[in-house]
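Presented below is the structure to which this report refers.
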There are 2 protein chains.
Amino acid sequence: MANVNNMDRLFESVAAKGHVCVGLDTAASLVPPRGRLWLDDADAALAYNRALVDATLDVAACYKAQIACYEEMGLDGLRAYARTLEYARSRGALVIADVKRGDIADTAARYAKAHFSGDFEADFVTLSPYMGMDSVEPWLEAARPGGKGAFVLARTSNKGMRDFEYLEVAGGGAEAGAPGGGKRRVYHAVADRLAALAGKCAGSSGYGAFGAVVGCTEREEAAEIRAAYPGLFFLIPGYGAQGGAARDAALLLRGGNGGVVNASRSIIGAWAAKAKALGLDEGAASVEFAAEAAREAATEMRDAIRAAAGA
Amino acid sequence: MANVNNMDRLFESVAAKGHVCVGLDTAASLVPPRGRLWLDDADAALAYNRALVDATLDVAACYKAQIACYEEMGLDGLRAYARTLEYARSRGALVIADVKRGDIADTAARYAKAHFSGDFEADFVTLSPYMGMDSVEPWLEAARPGGKGAFVLARTSNKGMRDFEYLEVAGGGAEAGAPGGGKRRVYHAVADRLAALAGKCAGSSGYGAFGAVVGCTEREEAAEIRAAYPGLFFLIPGYGAQGGAARDAALLLRGGNGGVVNASRSIIGAWAAKAKALGLDEGAASVEFAAEAAREAATEMRDAIRAAAGA
C-alpha cells in the first residue's frame, strides 16, 4: 500500500492487541530493587525497560517513553532513553516519544530530525500547540519519508487543563450538540486545526498520521469530542491514577479502535502491589517478577477496556 | 541579600551590559568554515560557542541556548549543549535553556531537576503553559534552592501565535485600556497567571524570578502589555530576522530594564555578511574572525536598543 504510515500500523496493532499503551516512565523508584543492584539508575532503567517490552509485547498496542524520566539523569539517562527506543523498535514495537515539543519553523524541523531519525528515533512524538500551527506543521513534512506520526496536545487529563485549554473562545461554535455543551473552548480551536491537518495525512486506516492527546478524566464531553473529530486518532492519558476508568476511555474510542490508552505506574510499578498481596518482601522483587506483574496488569487493563468498548 | 535570584542577577547584568541576549543556536551552518575543519558538527559548535562567549561576555546580558540545535545531533549534540552551558556559566554568564518544557506535576519536577542541576544545569529555562499552571508551578519550588528562574511563553513572535495565543476569551476584561484593544486574549489569561506567580518569587529587583516570553513583532500592543505586567521580566524574541526593530523592543522595556532581547543568527552568523562586505572569501572565515564579527553585531544591537530605550 502506498499510503501506510505509523498510525495505520498503530490501528492494526490496536485491532490485534488491544488499546494499552505501556508508559515506560521508568524512574529509578519504579525499577524493582533487585533490578537496581550493581547498576546505576540509567542502566537499571534500560534493563528493566527491555524486560518490560519483552513481557508485554503481545498485549501492548504501543509504548510511550516520557523523556523527562531520563533527562533527569542527564546524558547517561538520555543514552538509556535512546537505547530503550532502539530496543523496543527492534522488537517491532511502536514507540511514542513523549517529548511535548512546541517550537517554530527551523526549530521544529530540528526537533523533528532529532526524534524522527538518529539516536532518538521514535515512531511518534507528542507535540504542544501553544505557539500555533507553525509549531506543528513543520513536523508533517519531516514525518512523511519515514511514515512517522504525532499526537498533539488538545484536552489533557490534568487539573490545570481548565486554566487555558478550557477557556471559552468568544463568538464561536455555540450550536447545540457541539462539544463542550455548545461552548467553544481553546481545545476545540486546537482540535479543529488538527482535524484539518489529519485530513492531509490520512492513511489506509482513515485516521491522520497526526492525532490528538485527549484525556479520559472528563466523562461529560468525551462522546461529543469523539463524534466531532472522527479523523483524529487519540492518545488517551488519565487512566488509573488520574481517575479515568475503562468506561471513560471507551467513550473516546470509535468502533473499538481510534485510540490508545496510556498507563505507566499501574503497569510498570505493579510489582510492589503484587509482592504485597502475596506477602512477599518487596525489597526482594526481581526484574522477572516485576515484568510478569506488568504483563498481568497490562492484560487486565486490555481486557477491561475491550469489555467497556464492546470490542 | 537574602532574596537574590537569577532574575536579580539578570537585572543587574542588563543595567551594566545592555539588553542583548545572544542566542547560541549554533547549527553547523552558522559555524564559520575554518571552525569546522577536523571537527564533527557537535564539537565544532561547542568550540565556536566558547569563542562566542569569550568575545561577547561584556556586551551580552545573557545567553540563550536553543536545545533543538543540539538535540538534532543526538547524544553528541547534547553533550556539546551541556558543555556549552557549563562553559558559559563558568565564565560568570547567565544562561537561558530554551527548552520550552510543558508537562505536569511529577514530570515537571523531573524536567526541573534535569535543567536546574546536573549535566544540563542552566540559570533559566523557557516553559510552555498550554497544559495549565500545574505545568509551571512545580518549577517554582525546584527553582528556589538555586535561585533559578524561568520565562513562560505568553505572546510569541511567530506568525502562528495568532492561532491560539490570540484567541479572544469570552466575557473577560473588556475594559478600555486593557492590553489587546480591550479584548482579552488567551495570552492575557496566561500573563495574568504569570503575574500572580511572579509576585510569589519577587527578588531584590522587584521582578519575579519567573517572567514571560513576549515578542517584539507586534508593535501595537507592546506598550499596553508592558504597562499591564510591571512585575514580569520579559524575554523578547523576534528582533531582526523576524521583523522587530530596536524601537519595538524598547516598548517592552521599563525604565530601561525589565527585558532582554534575543538575537541569534544576526550575531553568531554575522561573519558571513562581514566577510562579504570586506570582499573576503567566506569559506576562509575563522572562529576568531566570526567571534569578532559577533562581538561587533552584539555591540551594535546593544547600542541601538539602549538608544531606543533612552537609556
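The values are calculated or read from the model by the stated rules, or taken from the named source; none is laboratory data. Values in this document were obtained by computation on a predicted structure and should not be read as measured data. Cβ: placed from backbone, ideal geometry, glycine included. Neighbour counts: every protein chain shown. The area values use the complete protein model at the heavy-atom level, side chains included, leaving out ligands, DNA and RNA. Shrake-Rupley method; radii C 1.70, N 1.55, O 1.52, S 1.80 Å.
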How crowded by other chains is A:75-82, given as the mean number of beta carbons from other chains within 10 Å of each beta carbon? 4
Residues with amide H under 5 Å of A:C201's amide H, sequence separation 5 or more or different chain, H placed in the peptide plane at 1.01 Å from N; which? A:A209
Would you mind putting B:134-141, B:203-210 in packing order, based on average other-beta-carbon counts within 10 Å, highest first? B:203-210, B:134-141
Partner chain Cβ atoms within 10 Å, averaged over the residues of A:145-157 - can you pull that number for me? 1
Carbon and sulfur atoms: what percent of the 1.4 Å accessible area of the range B:1-86 do they account for? 49 percent
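For B:N5, what charge total do you get from the other residues with a beta carbon under 10 Å from its beta carbon, if Lys and Arg give +1 and Asp and Glu give -1?
Charge balance near B:N5 sits at +1.
I need to check one value: relative contact order of chain A, counting alpha carbon pairs closer than 8 Å and at least 6 residues apart, in percent.
This gives 23 percent for chain A.
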Under the helix-only model (-39500 (n - 2.57) for each DSSP H run of 4 or more, divided by the residues of chain B), the mean residue ellipticity at 222 nm, to 500 deg cm²/dmol, is -13000 deg cm²/dmol
Which listed residue (B:G102, B:G92, B:L78) has the Cα farthest towards the positive end of the charge dipole for the range B:67-113, taking +1 on Lys and Arg C-beta and -1 on Asp and Glu C-beta about the Cα centre? B:G92
Let me check against my output: what whole-number percent is the relative contact order of the range B:1-115, with C-alpha pairs under 8 Å and at least 6 apart? 27 percent
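With both partners inside the protein assembly as shown, how many of the DSSP beta bridges are antiparallel, as a percent to the nearest 5?
Within the protein assembly as shown, antiparallel bridges account for around 10 percent of the total.
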In the range B:89-219 the DSSP beta bridges are antiparallel at a rate, in percent to nearest 5, of 15 percent
Relative packing of peptides A:50-56, A:246-252, B:142-148 - highest average C-beta neighbours within 10 Å first: A:246-252, A:50-56, B:142-148
How high is the FRET efficiency from A:D43 to B:A15, r the C-beta distance, R0 45 Å, rounded to 0.05? 0.45
For the range B:173-291, report the accessible area per residue in Å² (1.4 Å probe, heavy atoms, rounded to an integer). 38 Å²
Charge dipole (the protein assembly as shown, unit charges on Cβ, about Cα centre) - positive-most of A:G310, A:A202, B:A223: B:A223
Note: A:65-71 gets an average of partner chain Cβ contacts (10 Å, Cβ to Cβ) equal to 6
Skip the ligands, DNA and RNA, and give the accessible area per residue of the range A:1-126 with a 1.4 Å probe, whole Å². 32 Å²
How far apart, in nm, are the 7 Å Cα→Cβ label points at A:E292 and A:K159? 3.9 nm
Near A:G23, within a Cβ-to-Cβ distance under 10 Å, what is the net charge of the other residues, with Lys and Arg +1 and Asp and Glu -1? 0
Starting from the Cα of B:S117, step 7 Å toward the Cβ, then list every residue of the range B:1-24 with an amide N under 17 Å from that point. none
Put the label 7 Å from Cα along Cα→Cβ for A:L57; what are its distances to the other copies, in nanometres, shortest first? 5.4
With +1 on each Lys and Arg Cβ and -1 on each Asp and Glu Cβ, how big is the dipole of the range A:138-265 about its Cα centre, in debye rounded to the nearest 20? 280 debye
Treating the angle as unsigned and between 0 and 90°, give the value, to the nearest 10°, between the Cα long axis of helix B:287-309 and the longest Cα principal axis of chain B. 30 degrees
Under Karplus coefficients 6.51, -1.76 and 1.60, residue-wise ³J(HN,Hα) of the range B:30-43 in Hz, glycine/proline x: 8, 7, x, x, 6, x, 9, 5, 6, 10, 6, 4, 5, 5
Taking the Cα centre of each part, how many Å lie between the range A:202-259 and the range B:66-108? 34 Å
Positive end of the charge dipole of the protein assembly as shown (Lys, Arg +1 and Asp, Glu -1 on Cβ, about the Cα centre): tell me which of B:G160, A:S135, B:A275 has its Cα farthest that way. B:G160
The helix A:6-17 Cα axis meets the longest alpha-carbon principal axis of chain A at an angle in degrees, between 0 and 90 and rounded to 10, of 60 degrees
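About its Cα centre, how strong a charge dipole does the range B:200-310 have in debye, to the nearest 20, once Lys and Arg get +1 and Asp and Glu get -1 at the Cβ? All intermediate terms of the calculation are to be shown ahead of the outcome.
Details: 11 positive and 12 negative charges, 70 e Å.
Around 340 debye, computed over the range B:200-310.
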Given label points at 7 Å from Cα along Cα→Cβ, what nm distances, shortest first, separate A:W38 from the same residue in every other copy? 4.2
Accessible area buried between chains A and B, both sides summed, probe 1.4 Å, in Å² to nearest 100: 4800 Å²
For A:G92, inter-copy label distances in nm, listed shortest first [label point 7 Å out on the Cα-Cβ vector]: 6.2
The protein assembly as shown, dipole about Cα centre (Lys/Arg Cβ +1, Asp/Glu Cβ -1), debye to the nearest 20: 620 debye
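Mean shadow of the range A:10-161, computed from the convex hull of its alpha carbons, in nm²? Don't skip to the answer; put the middle values down first.
Details: hull surface 38.6 nm².
If I average the Cα hull's projected area over directions, I get 9.7 nm².
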